[in-house]
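Accompanying notes for the structure given below.
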Amino acid sequence: MAQKMFGEVAFEMGFVTTDQLYKALTVQARAEVEKKTYRSLGQILIDLGFMSEKQVLEVLKVLHPAGSKRIGRPQKKKT
């Protein structure tokens, strides 16, 4: 079974509409053609105001369940 893509999971979770996803993918494709710095789809969706950082992390946890403890900002060590 093929692994789902970020946008597919974000849509299935109700975080984005097809129109929002299309706009973000267009931004990503245009940047690639113009040889601009790569930005992940999640970052573009955040920048466009379509998703929150928390929602992006939730999608990443679905896509990478084994590594979900490593996703996100580094945790402070408890002393």
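Return yes when SER40 is modelled with pLDDT of 95 or more and under 11 Å from the mean Cα position of the chain (by Cα) and no when it is not.
Details: modelled with pLDDT of 95 or more: no; under 11 Å from the mean Cα position of the chain (by Cα): yes.
Criteria not met by SER40.
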Filtered residues of segment 1-37 (kept if among the basic types (Lys, Arg), assigned to a helix (DSSP H, G or I) and surrounded by 12 or more Cβ atoms within 10 Å (Cβ to Cβ)): LYS23
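The values are calculated or read from the model by the stated rules, or taken from the named source; none is laboratory data. These numbers were taken from a predicted model, which means no experiment stands behind them. Because the Cβ atoms are built from the backbone with ideal geometry, glycine has one as well, and the counts that use them run over all protein chains shown.
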